[in-house]
Amino acid sequence: MAVVVAFAVDHFVGEPPARWHPVVWMGRALSAIGAPWPKSTPRIAFARGAAAWAAGAACSAGVAWLAMAAVRHGIGTSSGVAVLAEALLIGLLLKPLLAWRMLHDEVVLVERAVDQGLESGRAQLRRLVSRDTTELSGTEVRESAIESLAENLND
């Protein structure tokens, strides 16, 4: 039920504002970790990133555990209301991990931009991918958008 709730919230509400988005927080934290050491070796950079990820995962798990404990304490564990409340809460906590609506909208914007002109399509695609788009054909721009959608949904 929690996954259904997360997809429903994603579909009908979309993404939270950037200041409340956990993925934005993660990006800022990882940038802050890398900023003081721009000349570190790849191994050290990976170790710092892995440590930051582990700390973030531990914090996320802690928040989820506390939220679930609060629901169980307030409602109990045996009622149908408790099961629904837990599903709603877990679904809301899972929502930031899903971005189907945003990804879909971004891919549609790439398609529309390509229809307006190749440069416009390339510029819009840069919002989705981290590679150089300056030499891509119209077909490659469209394929890259779909590939990015598929990769992100898989992640």
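Odds and ends about this structure:
- Net charge in the neighbourhood of G138 (other residues with Cβ under 11 Å of its Cβ; Lys, Arg +1, Asp, Glu -1) is -3.
- Stretchable slack from V108 to A70, in nm (0.36 nm times residue separation minus alpha-carbon distance): 9.6 nm
- Mean separation of Cα contacts under 8 Å, 6 or more apart, over the residue count of the stretch 100-154: relative contact order %: 35
- For the pair the stretch 82-155 / the stretch 1-64, the C-alpha centres are spaced 18 Å from each other.
- Assuming charge only on the beta carbon of Lys and Arg (+1) and of Asp and Glu (-1), the dipole of the chain about its Cα centre is about 760 debye to the nearest 20.
- The length gained by stretching the chain between R28 and R127 to full extension, at 0.36 nm per residue less their Cα-Cα distance, is 33.9 nm.
- Using a simple spin-label model with pseudo-atoms 7 Å out from Cα toward Cβ, F12 and R101 lie 1.0 nm apart.
- Cα gyration tensor shape for the chain, rounded if a/c is under 1.5, else prolate or oblate: oblate
- Residue (of H11, L153, A70) at the positive-pole extreme of the chain, dipole from beta-carbon charges: A70
- Backbone phi angles across the stretch 82-91, fed through the Karplus curve with coefficients 6.51, -1.76 and 1.60 (θ = phi - 60°), yield HN-Hα couplings of 5, 5, 5, 4, 5, 4, 4, 5, 5, x Hz in residue order; Gly and Pro are listed as x.
- Under the criterion of Cα pairs below 8 Å and six or more residues apart, the relative contact order for the chain equals 28 percent.
- In terms of its C-alpha gyration tensor, the stretch 72-155 has a prolate overall shape, because the principal axis ratio a/c (a ≥ b ≥ c, square roots of the eigenvalues) is not below 1.5 and a/b outweighs b/c.
- Applying 0.36 nm per residue to the separation of V3 and R48 and subtracting their alpha-carbon distance, the gain on full extension is 13.1 nm.
Quick note: the coordinates plus some simple rules give every number you see, no bench work behind them. Just so you know, these numbers come straight off a predicted model, no measurement behind them. Neighbour counts run over all protein chains shown; Cβ positions are idealised from the backbone, glycine included.
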